[in-house]
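A quick write-up on the structure given underneath.
Any read-out appearing in this document is the output of simple, stated calculations on the displayed coordinates, not a laboratory observation. Only a predicted model underlies this, so the values are computations on that prediction, with no experimental measurement involved. Quick reminder, even Gly has a Cβ in these numbers, built from the backbone with ideal geometry, and neighbours come from all protein chains shown.
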């Protein structure tokens, strides 16, 4: 059972990346649109901060299952999540009814940086050791 969970956690970042790609291929209001347009826009713009922070955290979780997590690999995960944010913005520039802006990319990277701060803080306090032992 642990082995199955371990592999699911390792594949999860790629599933999530596919979901990001799929949602970026649709118009902004394809999934949900709130009646208050200003609130709808605010929430969707705020999701940039969360969306790529989640991707970074999923990449970290995948690394934790290998027992090889380090601060250097955490930085690699942050770079991968940020570059995927850039790729997502480039992809959106080719999708009708979508836009790509530098500020959106800045929001993506900001979310990753904030998540990285908390992961590094937890790592320094040895809070991941129990998780890594579970998957050994």
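Structure data summary
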{"quantity": "Listed peptides 96-104, 72-80 by packing density, highest first (mean Cβ within 10 Å)", "calculated": "72-80, 96-104"}
{"quantity": "Ranked 45, 51, criterion: other C-beta atoms within 10 Å, fewest first", "calculated": "45, 51"}
{"quantity": "Helical mean residue ellipticity (222 nm; -39500 (n - 2.57) per DSSP H run of 4+; nearest 500) of the chain", "calculated": "-26000 deg cm²/dmol"}
{"quantity": "Directionally averaged projected area (convex hull, Cα atoms, the chain), nm²", "calculated": "9.0"}
{"quantity": "Fewest-first sequence of 63, 47, 55, 4 by Cβ atoms within 10 Å of each Cβ", "calculated": "4, 47, 63, 55"}
{"quantity": "Rounded FRET efficiency, nearest 0.05, which uses the C-beta distance separating residue 75 from residue 26 and R0 of 41 Å", "calculated": "0.80"}
{"quantity": "Å³ per residue enclosed by the Cα convex hull of segment 70-117", "calculated": "54"}
{"quantity": "Pair residue 90, residue 127: separation of 7 Å Cα→Cβ label points (nm)", "calculated": "3.5"}
{"quantity": "12, 22 arranged by Cβ crowding within 10 Å, fewest neighbours leading", "calculated": "22, 12"}
{"quantity": "Chain lengthening between residue 50 and residue 134 when straightened (0.36 nm per residue, less Cα-Cα)", "calculated": "27.5 nm"}
